[in-house]
Protein chains: 2
Amino acid sequence: MGRRRYHQYCPVARALDVVGERWTLLIARELLLGPRRFTDLAEGLPGIGSSVLAGRLADLEQSGLVAKRTLPPPAASVVYELTHQARGLAPVLAALADWGMNLLDRPHENDQVHGRWLVQGLAVTAKSAPSTPDATYELRVDNEAFQVRSHDGRVQAADGPASNPNATITLTTDTLAALATGDLDIPSPRADRLIAIDGDTVGAQRLLASLTPIRTITDTAEQR
Amino acid sequence: MGRRRYHQYCPVARALDVVGERWTLLIARELLLGPRRFTDLAEGLPGIGSSVLAGRLADLEQSGLVAKRTLPPPAASVVYELTHQARGLAPVLAALADWGMNLLDRPHENDQVHGRWLVQGLAVTAKSAPSTPDATYELRVDNEAFQVRSHDGRVQAADGPASNPNATITLTTDTLAALATGDLDIPSPRADRLIAIDGDTVGAQRLLASLTPIRTITDTAEQR
DNA sequence: CTGCATCCGCTTCGATACTG
DNA sequence: CAGTATCGAAGCGGATGCAG
């Protein structure tokens, strides 16, 4: 209903009026990979509480950022998807992810770890990587399929299998997390055992390696 | 104290754990232009309530994003400033501002309008503008001085007068707002009357013109 | 089973008052 | 000026209920 606003004639404040509430940008994060159903969203946002999710979706719909669509039969299920305007939030999420990478460290006590989130992190680190040739990769994380496409400097992730990928990468969520923590290096014999690559091995390895945090001298010294 | 977190091993969620609460990114917006005192911050964040501001600053200090510093005598006042890590939020704020520009429209009933905010908007629109030669401009908005520097593709705003600016631009907050709404065009006779430019007139006009919203066909048709 | 609405205890917010 | 104290209102998280 009557959302809380900042009442500032400022572009940042206006943006936060619409997407600044708790959970809202994470809903956008989920939907950036593709349309999702209510329960899928809830599962990707552990702890949200159904009423808050429903409220946020209603607010976003009213703001013209989310559209509710009924899939054609025989699916006939309702999905939420981002509008064109909301897809303009991609750079915001990317900037946040870029900055947040430095805070990622490793999973805490009761952190949830979803392959979906790390695939998006992968797209961000890949963009920052020195050379990113145009290519498409399919990632199968715990039997869930994602695609990461890089096309003239932009890298974007999406739900679902890729068509004609340069490589198909199969691994588990834990393996993806191990790459993000730096516990698993690429290339390495252990990585070869945990990750199956079908197709352009070099490109796939470069993609996965971009997720590995940069070790500073301090990091190495503090290593135990 | 114990801030509310998302408990997700995801770069976006981690970032929002630290800067996702209400007001926090707006505090960063204020401090990105330079160090500020408590009351200056409060004045730039109308409606925040002093206890919330104090709490946020304490949280940010504990997160290593804000440092409290006592100015050398005779000032001897306490200022808050962003740490190096927090200055990494600049792209986040820029992305938000970029996206929020489309929501800006015009000031609502009880919106506050601060020149400070629009100067930052100016820096964002200038960056997106087609050609941005290296230059420094001083903006005097209602007797408050700002500087906008563009240097190889990056444009940043800061508090205070510029040294050796290419031009000095003097105008009021209302005039700046009129540019943002599109009510004032550049160049135009009315603009010449409201804006004083000392130095590189062409560059200064190009800078100011970048703030003018792009009128779509729909906008023009809907105009009344 | 999905997509919510309702209720409840707790936290957070906003506004004002007050203090060194 | 730079906060802390206080208090009613709003928002959140979790559980439960229920209609399609």
* exposed (fewer than 15 other Cβ atoms within 10 Å of the Cβ), within 14 Å of chain A (Cβ to nearest Cβ), touching a helix residue (DSSP H, G or I) at 6+ places or on another chain (Cβ under 8 Å) and touching a residue at least 24 places away in the same chain (Cβ under 8 Å), is that true of B:D98? -> no
* To do: Could you pull out the residue among B:Q112, B:Q120 that is within 27 Å of B:P161 (Cβ to Cβ) and at the interface with chain A (Cβ under 7 Å from one of its Cβ atoms)?
  => B:Q112
* Structure fact -> For A:L71, the lone unmet condition from (1) of a type in the set (A, V, I, L, M, F, W, C); (2) within 12 Å of A:I27 (Cβ to Cβ); (3) within 11 Å of DNA strand C (Cβ to nearest atom) is (2)
* Output for the range A:20-43, where each listed residue is within 11 Å of DNA strand D (Cβ to nearest atom) and either in contact (Cβ under 8 Å) with a residue 40 or more places away in the chain or among the aromatic types (F, W, Y) (or both) -> A:W23
* Structure fact -> The residue from A:A191, A:A162, A:A129 that alone is under 26 Å from A:W99 (Cβ atoms) and among the small types (G, A, S) is A:A129
* In this structure, is A:A145 modelled with pLDDT of 95 or more and buried (at least 17 other Cβ atoms within 10 Å of the Cβ)? -> no
* Asked: Which pairs have Cβ atoms under 8 Å, sit 6 or more apart or on different chains, and link a residue in the range B:173-200 that is away from chain A (no Cβ under 14 Å) and in a helix (DSSP H, G or I) to one that is surrounded by fewer than 20 Cβ atoms within 10 Å (Cβ to Cβ) and modelled with pLDDT under 95?
  -> B:A191/B:D185
* Looking only at the range A:1-47, count how many residues are assigned to a loop (DSSP other than H, G, I, E, B), among the small types (G, A, S) and more than 9 Å from chain B (Cβ to nearest Cβ). => 2
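The values are calculated or read from the model by the stated rules, or taken from the named source; none is laboratory data. Treat the numbers as computed from the prediction; the structure is a model and nothing was measured. When we count neighbours, we look across all protein chains shown, and the Cβ atoms used for this are built from the backbone with ideal geometry, even at glycine.
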